[in-house]
Amino acid sequence: MRKDKKQLIGDEIGDAQIKLFLDFEPVDATSPSLHKLIKAYRGLRVNDFERFLVFFREAGFDFDGKDEHGNDFIALIKDQRNAEEYIELIEKARG
């Protein structure tokens, strides 16, 4: 890594940075809500993803969005190595 680049692992990210994940829009038939969840899942650590879900709910997005094949967030990530914590957060957020 270059000396002028700061390593971000472990650094706290602000609410504004987390809210940027609400701006992503799909380019296919995936629902906008699901697309935002997937982007946040891929880009945020679990504690930041939990914070994202609060903003996601406040913005009125749907936790049950589906892709063009009828898969929801849990169906898409359930077989991934670190998915369990994220799935628990989604289930908790759904109520």
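Here are some notes:
- Residue, nearest to N71 (Cα to Cα), within the range 10-51, restricted to residues that are β-branched (V, I, T) and in contact (Cβ under 8 Å) with a residue 12 or more places away in the chain: T30
- Selected residue (criterion: surrounded by the fewest Cβ atoms within 10 Å (Cβ to Cβ)) from residues of the range 40-62 that are part of a helix (DSSP H, G or I) and small (G, A, S): G43
- Residue list for the range 46-63, restricted to those being at pLDDT 95 or above and either charged (D, E, K, R) or touching a strand residue (DSSP E or B) at 6+ places or on another chain (Cβ under 8 Å) (or both): D48, E50, R51, R57, E58
The values are calculated or read from the model by the stated rules, or taken from the named source; none is laboratory data. Just so it is clear, the model here is predicted, and its values are computed rather than measured. In this analysis, Cβ positions are derived from the backbone assuming ideal geometry, glycine residues included, and neighbour counts consider all displayed protein chains.
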